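Notes for the one structure printed next.
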Amino acid sequence: MTMRLAFVPGATPDKWARAWRDRFREPLELVAVEEDDQRQVLLDGRADLVLARLPLETDDLFCIPLYEELPVVVVSKEHPAAAYEELTAADLADEQFALGVPEGVPSGVEQLPFPSMSVKEAVEVAASGTAVVVVPMSVARLHHRKDVTHVVVTDLPTTRMALAWRKEVDDDRTQAFVGIVRGRTSRSSR
């Protein structure tokens with residue numbers, strides 16, 4: 001039976017998938033999912049585990065926080081912010097935001113009514129110079145283009161990545177994968 005690991009954009013399951021393949025004969029299938037689907041993929045059985053971006057409603061899930069991601073603003077290479085290595089939320093107060101004003105940014109201007117769009121589309125808007133986008137650094141790297149750059153925003157909250165799985169499916173093979181994620185070697189015990 002194949003173990004299925006879902007992951008959201010920006011997550012990098014490669015090192016854990018490689019360790020799984022080195023230790024177990026059971027195949028591991030990687031399943032890319034959008035953030036909006038990260039919980040549902042577990043509930044409907046399309047995946048056994050998910051590398052998810054918190055927050056995630058976990059009443060019926062086990063969830064292990066893994067690491068934090070820095071928030072960055074994606075801007076056109078021609079944007080004045082491109083000259084900096086770090087900015088604060090206050091530095092973004094007069095910007096237009098393609099995906100809405102992030103919590104913690106004091107909005108000093110009336111926002112344009114952008115239509116609903118994907119992060120990839122929002123990065124295209126940022127490349128045009130019409131707006132900026134605040135996303136986790138891994139997502140900015142995923143959607144990197146030659147005509148944009150990203151700058152860390154030092155005082156916005158980080159996002160957290162976690163490994164989640166259904167409580168009712170907490171079996172030996174799930175725990176074997178959890179052990180890999182937690183850094184256990186093939187010779188260590190729980």
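The values are calculated or read from the model by the stated rules, or taken from the named source; none is laboratory data. Treat the numbers as computed from the prediction; the structure is a model and nothing was measured. Here the Cβ positions follow ideal geometry from the backbone for every residue, glycine too, while neighbour counts run over all protein chains shown.
At a glance:
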item	result
Looking only at the range 112-127, and only at residues there that are free of Cβ contacts under 8 Å to residues at least 24 places away in the same chain and either of a type in the set (Gly, Ala, Ser) or in contact with an Asp or Glu (Cβ under 8 Å, 6 or more places away or on another chain) (or both), the one that is nearest to Val8 (Cα to Cα)	Ser118
Flag if Val139 is out of contact with any Cys (no Cβ under 6 Å at 6 or more places or on another chain), within 30 Å of Phe62 (Cβ to Cβ), surrounded by 16 or more Cβ atoms within 10 Å (Cβ to Cβ) and of a type in the set (Val, Ile, Thr)	yes
Residue match in the range 83-102 (condition: under 30 Å from Ala17 (Cβ atoms), modelled with pLDDT of 95 or more and buried (at least 20 other Cβ atoms within 10 Å of the Cβ))	yes
Hey, Val169 farther than 20 Å from Thr12 by Cα and modelled with pLDDT under 95 or not	yes
Test for Asp59: is it over 21 Å from Gly10 (Cβ atoms) and part of a loop (DSSP other than H, G, I, E, B)	yes
Residue, surrounded by the fewest Cβ atoms within 10 Å (Cβ to Cβ), within the range 48-81, restricted to residues that are among the charged types (D, E, K, R) and closer than 22 Å to Ala164 by Cβ	Asp59
Of all residues making up the range 63-110, the number that are more than 30 Å from Lys15 (Cα to Cα) and part of a loop (DSSP other than H, G, I, E, B)	22
Residue that is nearest to Arg160 (Cα to Cα) [pool: residues in the range 1-42 that are of a type in the set (Asp, Glu) and over 14 Å from the mean Cα position of the chain (by Cα)]	Asp14
Top-ranked residue of the range 1-47 - restricted to ones that are loosely packed, with under 13 Cβ neighbours inside 10 Å and among the hydrophobic types (A, V, I, L, M, F, W, C), ranked as farthest from Val139 (Cα to Cα)	Met1
